[in-house]
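The values are calculated or read from the model by the stated rules, or taken from the named source; none is laboratory data. Every value quoted in this text rests on a predicted model; they were computed, and no experiment measured them. For neighbour counting, all protein chains shown are included, and Cβ atoms are generated from backbone atoms with ideal geometry for every residue, glycine included.
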Amino acid sequence: MSIRQLLLPESPPRLTLMPAMGTWAFFLTFAGQSVRNLVGWTSFGLISAASGLLLLLVFLREGHHVQWRALPTTIGLYVVLCSLSIIWSAYPAETALASILMIATTAVGVLLACGLSLRQMTDALSRALEATLVLSVLLELYVALVLRHPLAPLYMRGWEEVPVTYYWVYGDILRGGPIQGIVGNRNPLAFIALLTLLCIAVRWADRRVKPVGLVVWSSLSLLILVLTNSATVWVAAVVCVAVMGYLWLMRHVPVRLRAWVVTAAVTMIVALAAAALGWYSQLIGLLGRTESMSVRWEIWKAVLSLWQEHTILGWGWIMYWIPWLPVFSTILVRPDGTPTMNAHNAYIEALFQTGVVGGALIVVIVCVMVYRSFRLAERHLNSEASVVLPALVMTALVMQSFTESRLLSEGNWVVLCALGTWLGLNRTVEERKRPQASATTLPQLRTERHSSRHPGRRFTGAGGHSSQLRR
């Protein structure tokens, strides 16, 4: 298997269900709240279980297999830690269920990476996100034009009173937002729009999107970003644009200058990070999020206070906070009387649920993934544009992880596992090439010496293209 085979689908193309299953898997994990709001949690669990089983059957039926050496070790260790936390959990029954969900979402990411090429995975993710955006706009317009009052989740229709924060859609699209879409929350909807933009940009660079499609999906994504007005996602979008600019510059500058570009980029990152810390209050005020950040500070302080009671291994994995459990019911109560549902920070969340051990693992996972994704993009700058997608997606995930906990669950975790596995597959390909490269070192040296004795002649290799050797 070569890097090209990892990037591109098998040739000649054959009829396969894996891309369609990939699209459904990404939709169900990113827009799962819409399904839960329609049919309730129990029915959603049955749909998810059936979908996971069908994905496995299609994966096996089409002859794919998991390359165990490619599996990301640190992600596997974190999943094991979450499962083992049943032993010391303050809520063992809920931890057992959450561990099953964690194993299932991890398996989905692994199966998608092993059953799809990077191009196919990009297309599947893009289609799922595009569908989420379209359905979100349609639902918002229905509530605004037809229903004309906030829409509660359908399984709450029998409730005497629905808390304000539990409403699905408020119907503010014609008033300029903020909108929640089918996911029921403006922040994840904005993040979905950002991921859609990244997928469209990569597919357009690979000449796999027509100009009309580029205009339509880019415009819809930007419209959603404006209507959701998520400060975190706006910052993430700016950073992603900067990363795109960095990779574009690396691709177009001479090889001898690339080290200088890397040094300049690292220096700029450090300087901007220092400036952001120094003018943090002014930056938050500029983004208009002083109140929301104040609430997050209160959540973080409350969660860290609880974490200090179980520092090493945490309270036990639970993924989603369950409001009727005593430990979660009073962390921070909203104005409508409902408790906060997550820590709004992936690292604090990991500390709280899995302790210092789990928090350290998450930091290592993120650092390793960022390093490997950027290393892949830089090593294959002249290859398919798809190789830059892992770096762009990891940039977006990391930026969101500081104000949201979603890195550890559902669609974000599936993408993290899929990219980690795919990067592992690529690493095994590179390791297989090394012995071959060592075996051909002596003939290459002889060729170079022969060429140096005859400056007028250039060795072109079997393909007759000297540019491949220069590159």
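Summary table
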read-out: Yes/no for residue 194 being surrounded by fewer than 22 Cβ atoms within 10 Å (Cβ to Cβ) and either of a type in the set (A, V, I, L, M, F, W, C) or farther than 27 Å from residue 342 by Cβ (or both); value: no
read-out: Among (1) under 30 Å from residue 85 (Cα atoms); (2) within 16 Å of the chain's Cα centre (by Cα); (3) surrounded by fewer than 24 Cβ atoms within 10 Å (Cβ to Cβ); (4) not small (Gly, Ala, Ser), the one test that residue 108 misses; value: (3)
read-out: Total residues in the range 331-355, condition over 28 Å from residue 390 (Cβ atoms) and either in a helix (DSSP H, G or I) or under 16 Å from the mean Cα position of the chain (by Cα) (or both); value: 2
read-out: Given (1) within 23 Å of the chain's Cα centre (by Cα); (2) part of a helix (DSSP H, G or I); (3) at pLDDT below 95, number of the condition residue 38 does not satisfy; value: (1)
read-out: Subset of the range 157-196 [in a loop (DSSP other than H, G, I, E, B) and basic (Lys, Arg)]; value: 157
read-out: Check on residue 389, under 30 Å from residue 249 (Cα atoms) and in a loop (DSSP other than H, G, I, E, B); value: no
read-out: Residue, modelled with the lowest pLDDT, within the range 402-420, restricted to residues that are crowded, with 23+ Cβ neighbours inside 10 Å and polar (S, T, N, Q); value: 405
read-out: Those residues of the range 197-246 which are surrounded by fewer than 24 Cβ atoms within 10 Å (Cβ to Cβ), of a type outside the set (A, V, I, L, M) and not in a helix (DSSP H, G or I), in sequence order; value: 206, 207, 208, 210, 229
read-out: Yes/no for residue 122 being in contact with a Lys or Arg (Cβ under 8 Å, 6 or more places away or on another chain) and in a helix (DSSP H, G or I); value: yes
read-out: Test result for residue 78, assigned to a helix (DSSP H, G or I), without any contact (Cβ under 8 Å) to a residue 12 or more places away in the chain and of a type in the set (Ser, Thr, Tyr); value: no
read-out: Exclusive hit being touching a Cys at 6+ places or on another chain (Cβ under 9 Å) and among the hydrophobic types (A, V, I, L, M, F, W, C), set 75, 47; value: 75
read-out: Residue 365 vs. criteria crowded, with 20+ Cβ neighbours inside 10 Å, closer than 25 Å to residue 104 by Cα, modelled with pLDDT of 85 or more and under 17 Å from the mean Cα position of the chain (by Cα); value: yes
